[in-house]
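All remarks here apply to the structure that follows.
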Amino acid sequence: MKPEELAAARDRVIPDVVAADLGVLFCGINPGLMSAATGHHFARPGNRFWPVLRLSGFTPRQLAPSEQGELPAYGLGITNVVARATARADELSDEEFREGGRILVAKVERLRPRWLAVVGITAYRTAFDDRSAAIGPQKQTIGATRIWALPNPSGLNAHWTAETMAEEFGRLRVAAEMPDRTAS
């Protein structure tokens, strides 16, 4: 993709991939420029979201970002804390995260997923005003929806490998009582 195409995607919003009563609604920080330019979540090459979904058993094969529309058939969806696209998450203000958290709560109340999985602990801490949150299940709920903070799958997050990320995503899959689709 050409640099001018990426630059033109700044501040775009891409549609959520959602349905009512999902098992897990994954929530990214905000779309990157590649995602905004393509209209597909987690589209940047090197982002490990799609491989980790497969490795953790959420999907039977690795989906391409362009296949995101298949997720609801697996009981999964994707949204973001902040809707507007930026080159880096550090371009977002704390107020944008807090406002995004309020919008996210309303969305979760409407869609009623069993679990909301926020991929990015810092985004979760800011959006939900919980500075002590750690990776894993959270005490806070939104109605009957439980919340799990997951590591950010960005290739820039060197603290987590695809394998260790898949272990954490797998813990969520088990807690959400979703089948291991790698076994089929």
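The table for this structure:
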{"item": "Distance in nm between pseudo-label sites at Ala8 and Ser132 (7 Å out along the Cβ direction from Cα)", "result": "5.0 nm"}
{"item": "Percent antiparallel among DSSP beta bridges (both partners in region 3-176, rounded to 5)", "result": "30 percent"}
{"item": "Helical mean residue ellipticity (222 nm; -39500 (n - 2.57) per DSSP H run of 4+; nearest 500) of the chain", "result": "-9000 deg cm²/dmol"}
{"item": "Inter-label distance, nm, simple model (7 Å from Cα along the C-beta direction), Met1/Thr182", "result": "2.8 nm"}
{"item": "Probe 1.4 Å, accessible area per residue of region 3-176, Å²", "result": "45 Å²"}
{"item": "Protein accessible area in the chain, 1.4 Å probe - carbon and sulfur %", "result": "53 percent"}
{"item": "Backbone N within region 96-117 under 11 Å of label point (7 Å from Ala20 Cα along the Cβ vector)", "result": "110-112"}
{"item": "Packing-based ranking, highest mean first, of 134-145, 71-82, 106-117 given that Cβ atoms within 10 Å are counted", "result": "71-82, 106-117, 134-145"}
{"item": "Low-density loop positions, GluC sites (Glu not before Pro), region 120-184 - DSSP coil, at most 16 other Cβ in 10 Å", "result": "Glu177"}
{"item": "When the convex hull of its Cα atoms is projected in every direction, mean area for the chain (nm²)", "result": "9.5 nm²"}
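The values are calculated or read from the model by the stated rules, or taken from the named source; none is laboratory data. Keep in mind that this is a model prediction, so the values were computed, not measured. Glycine gets a Cβ as well: all are built from the backbone with ideal geometry, and neighbour counts include every protein chain shown. When the accessible area is computed, the model is the full protein with side chains, heavy atoms only, and any ligands, DNA or RNA have been set aside. Shrake-Rupley method; radii C 1.70, N 1.55, O 1.52, S 1.80 Å.
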